[in-house]
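Data first, discussion second: the structure below is written as structure tokens.
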Amino acid sequence: MLTLTDYLIIALYFVVILIVGFWTGRKQEKEEFLISGRKLKSLQATTTIFSSRIGAAILLTYTALVYLYGLGALWYFIGSVFGLFVFYFFGIKVKKIADKQKFYTMPDYFFFMKGRFAGYLATIITIIIMFGWVVLNFTAGAKLISEYTPITYGFSVIIVGVIILL
């Protein structure tokens, strides 16, 4: 179990994160917040995308896969990393077009390049994927809280939800 000092450090961390979020969020415009004012270079954008994919959900998922299936499960991770490197070259092309046309999302790109059907399909796929990411992160965060504290899993999900929504 964690000590009182551990709980205080964790609470302080969350408070600092919330303060930084509120402070930076109040002085940014929509484009600055959503896409960094279109100022990111290709390598910066790639590392941002990559780091956003390596969250609690992925770390717990890969740990569980390795636990269940052994080291062979690492091929799933290797395939994901390979996919991100392939996406890098596609991303360079998309970024140039997106900056020129002022796109915010991948569905915007598909609407412009491939038409309405492709745009709507990309929107539906994006919504499903993002919903999955949210569920995975809620689950991972709640599992971590319930594992290291006496708080139940159900209440941990509520705590994680409140933190994310703030």
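The values are calculated or read from the model by the stated rules, or taken from the named source; none is laboratory data. Not measured: the values here are computed from a predicted model. Cβ sites come from the backbone with ideal geometry, for glycine too, and all protein chains shown count toward neighbours.
Residues that are in contact with a Leu (Cβ under 8 Å, 6 or more places away or on another chain) and more than 22 Å from Leu40 (Cα to Cα): find the helices (runs of 4 or more DSSP H) completely inside the range 60-159 holding 3 or more of those.
Those helices (runs of 4 or more DSSP H) span 116-148.
For the range 123-162, give me the residue count where each residue is under 15 Å from the mean Cα position of the chain (by Cα), touching a residue at least 24 places away in the same chain (Cβ under 8 Å) and over 30 Å from Phe111 (Cα atoms).
So the answer is 4.
Take Ala45 and tell me if it is of a type outside the set (Phe, Trp, Tyr), farther than 21 Å from Lys143 by Cα, modelled with pLDDT of 80 or more and assigned to a helix (DSSP H, G or I).
Details: of a type outside the set (Phe, Trp, Tyr): yes; farther than 21 Å from Lys143 by Cα: yes; modelled with pLDDT of 80 or more: no; assigned to a helix (DSSP H, G or I): yes.
For Ala45, the condition - of a type outside the set (Phe, Trp, Tyr), farther than 21 Å from Lys143 by Cα, modelled with pLDDT of 80 or more and assigned to a helix (DSSP H, G or I) - is not met.
Across the range 62-103, what is the total count of residues that are touching a helix residue (DSSP H, G or I) at 6+ places or on another chain (Cβ under 7 Å) and either within 24 Å of Gly141 (Cα to Cα) or aromatic (Phe, Trp, Tyr) (or both)?
9
Taking the stated definitions as given, is Thr123 assigned by TED's automatic domain parsing to the domain that holds Lys100, out of contact with any strand residue (DSSP E or B) (no Cβ under 9 Å at 6 or more places or on another chain), polar (S, T, N, Q) and at pLDDT 90 or above?
So Thr123 passes the test.
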